[in-house]
Amino acid sequence: MAGFLEGKNIAVTGGGAGIGKAIALACADEGANVVVADYGVAMDGSDPTSEVADAAVAEIRARGAGAVAVAGDISAFDVGEEVVAAACDTWGSIDGVVCPAGVLRERMLFNMAEDEWDAVIAVHLKGHFNVYRAAFARMRKQETGGSLVGFTSAAFTASTAQANYSAAKGGIVSLTRSAAMTAASLRMRGGPAINANCIAPVARTRMSENVPFEIETGEPEDIAPMAIYLMSDAGRDVNAQIYTVVGRRISVWNQPVELRTMWAPGDRWSPAEIADLLPSTIGQEPNPFIDDLERRMAQMAQDEAGG
Ligand SMILES: NC(=O)c1ccc[n+]([C@@H]2O[C@H](COP(=O)([O-])OP(=O)(O)OC[C@H]3O[C@@H](n4cnc5c(N)ncnc54)[C@H](O)[C@@H]3O)[C@@H](O)[C@H]2O)c1
């Protein structure tokens, strides 16, 4: 039986370790040729080595699929183009890109150094832009279109000790929705089918090792089937969605919309009128993340008290 990605050419950033590697191997098992784009760095982005990408390529080839390595830093604009060109030059097209490459530099906002902000935004957010931009430019000229699969995190909603990571992951959501809108507009004008979606995964990797509270988790291999589905012909009409994927669970996120409105009694609001009317009209939305934080902090305090 033909695989879900038979004959497709897929690039996976961060494809040498963790979730990216599990996806790269699974894509190969589903019939794809794979570009493994991995800088081979430590979790904070230091000590790059090409051995990580090369090792994954060797594993994929041993399974009988085509694979090439790009061991550059995905935050460099030209590396995005290099990754996409590797697929096009070697096999003739780029049918899907998956972007799990990532680093962590955790720090409370008030202590965060400029380079900690820059590095995380560069690898996650600009890394997505670099790959999406290069891939989209090719896909819009291919009759068969293609798929963009971004990697966000539930932390895109907010994070107490990872403001840089949270901001990057929120940016990836907006970037992906923008790509999806552009793709939809092209398709409405008779262009090829391109879809763009995000996965917010949770899986046991070095990145999730140090989370200071108990989390629902699973294995990197649990994430791969959703990435594959979104890039397959069967998933092509799914567009502009964010999916949590963890273990056996796949959940879809809501789309952001305005909820309630209040109108100025005169030509323009005064602060006093807002103070008077806001609490009894549009007020404040309950924030589930602050509620969750309260629950987790209470749990940590209990654990500490119990030794
Ligand atoms: N593991 C989880 O539970 C979890 C939870 C939420 C979100 N995520 C997201 O999923 C993605 C994958 O996470 P993971 O746990 O597999 O991480 P990981 O640390 O195991 O793997 C990340 C890979 O990205 C590569 N990489 C880092 N910087 C790079 C760069 N500049 N250019 C190219 N490659 C680079 C690394 O070499 C590594 O192979 C990340 O975007 C992460 O933020 C993971």
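The values are calculated or read from the model by the stated rules, or taken from the named source; none is laboratory data. The model shown is predicted, which means the values in this text are computed figures rather than measured ones. Cβ coordinates were reconstructed from backbone atoms using ideal geometry, including for glycine residues, and neighbour counts include every protein chain displayed.
With respect to the numbered conditions (1) surrounded by fewer than 21 Cβ atoms within 10 Å (Cβ to Cβ); (2) over 16 Å from V98 (Cβ atoms), which one is the sole condition not fulfilled by Y165?
Unmet for Y165, out of (1) surrounded by fewer than 21 Cβ atoms within 10 Å (Cβ to Cβ); (2) over 16 Å from V98 (Cβ atoms): (1).
Look through R206, R249, R236 and report the one residue that is more than 24 Å from V34 (Cβ to Cβ), touching a residue at least 24 places away in the same chain (Cβ under 8 Å) and surrounded by fewer than 21 Cβ atoms within 10 Å (Cβ to Cβ).
Selected residue: R249, the only one of R206, R249, R236 that is more than 24 Å from V34 (Cβ to Cβ), touching a residue at least 24 places away in the same chain (Cβ under 8 Å) and surrounded by fewer than 21 Cβ atoms within 10 Å (Cβ to Cβ).
For S185, indicate whether it is small (G, A, S), farther than 23 Å from F289 by Cα, more than 8 Å from the ligand (Cβ to nearest atom) and part of a strand (DSSP E or B). Working first, answer last.
Working: small (G, A, S): yes; farther than 23 Å from F289 by Cα: yes; more than 8 Å from the ligand (Cβ to nearest atom): yes; part of a strand (DSSP E or B): no.
No: the conditions fail for S185.
What residue, among those in the stretch 24-37 that are closer than 13 Å to K8 by Cβ and of a type in the set (V, I, T), is farthest from the ligand (Cβ to nearest atom)?
If we take residues in the stretch 24-37 being closer than 13 Å to K8 by Cβ and of a type in the set (V, I, T), then V34 is farthest from the ligand (Cβ to nearest atom).
Rundown of residues vs (1) crowded, with 22+ Cβ neighbours inside 10 Å; (2) assigned to a loop (DSSP other than H, G, I, E, B); (3) of a type in the set (S, T, N, Q), yes/no style:
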site	(1), (2), (3)
L5	yes, yes, no
V12	yes, no, no
L25	yes, no, no
A28	yes, no, no
G45	no, yes, no
I60	yes, no, no
S75	yes, yes, yes
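Is there any pair with a first residue in the stretch 219-233 that is in contact (Cβ under 8 Å) with a residue 60 or more places away in the chain and acidic (D, E) and a second that is within 11 Å of the ligand (Cβ to nearest atom) and in a helix (DSSP H, G or I) whose Cβ atoms are under 7 Å apart and which are 6 or more apart or on different chains, and what are they?
Qualifying pairs under 7 Å: E221/A22.
Could you tell me whether any residue of the stretch 131-145 is buried (at least 23 other Cβ atoms within 10 Å of the Cβ), over 24 Å from M188 (Cβ atoms) and among the hydroxyl-bearing types (S, T, Y)? So that I can check it myself, show each step before the final result.
Start the filter on the stretch 131-145 by keeping residues that are buried (at least 23 other Cβ atoms within 10 Å of the Cβ), which leaves 131-132, 134-135, 139.
If we keep only those that are over 24 Å from M188 (Cβ atoms) too, we end up with 131.
Among the residues that remain, those that are also among the hydroxyl-bearing types (S, T, Y) are: none.
No.
So which of A224, A240 ends up being within 16 Å of the ligand (Cβ to nearest atom) and either at pLDDT 95 or above or on the phi > 0 side of the Ramachandran plot (or both)?
Criteria check complete, one pass: A224.
Just give me the residues in the stretch 95-130 being within 10 Å of the ligand (Cβ to nearest atom), assigned to a helix (DSSP H, G or I), of a type in the set (A, V, I, L, M) and out of contact with any Phe, Trp or Tyr (no Cβ under 8 Å at 6 or more places or on another chain), in sequence order.
A119, A122, V123
Is there a residue being away from the ligand (no atom under 16 Å from the Cβ), within 26 Å of A134 (Cα to Cα) and over 13 Å from the mean Cα position of the chain (by Cα) anywhere in the stretch 194-209?
Yes; the residues of the stretch 194-209 include at least one that is away from the ligand (no atom under 16 Å from the Cβ), within 26 Å of A134 (Cα to Cα) and over 13 Å from the mean Cα position of the chain (by Cα).
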